[in-house]
1. Within a 10 angstrom radius of the beta carbon, how do 60, 43 rank from fewest other beta carbons to most?
2. Which value in nm describes the separation of the simple spin-label points at residue 51 and residue 119, placed 7 Å from the Cα toward the beta carbon?
3. Starting at 0 and stepping by 5 Å, how many percent of the alpha carbon pairs of the stretch 25-120 end up in each bin?
């Protein structure tokens, strides 16, 4: 292989890696719901108490402490939340959000929203 060909292949490899690294890593898409304000102070699966004013969530499988970027697909608003509980257990739901997180995504009125989840490293 010629030196020129090696340079071209190296450039292509580098370019494709850079393009891949910049893509968002969508973990899951589905329906989000939220905890009511009445759940404030309830003990979660992680042992923490739920604070409806904090940016936290429940997810069925992700480890406690995982940070997730939640994007509301209807209005483009996003928020970063931390997993502190297990759930949701409603059919078709992928995440339960705290009241504050749901309010930031402007989904209080509708009660649910179609969202996209991305794990934050």
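Derivation of every value follows stated rules applied to the coordinates shown; laboratory data play no part. Quick caveat: nothing in here was measured; it's all calculated off a predicted structure. Quick reminder, even Gly has a Cβ in these numbers, built from the backbone with ideal geometry, and neighbours come from all protein chains shown.
1. Numbers: 60 14, 43 10.
Listing 60, 43 from fewest to most nearby Cβ atoms yields 43, 60.
2. 2.6 nm
3. Spelled out per bin, shortest first, that is 3, 16, 29, 29, 18, 6, 1.
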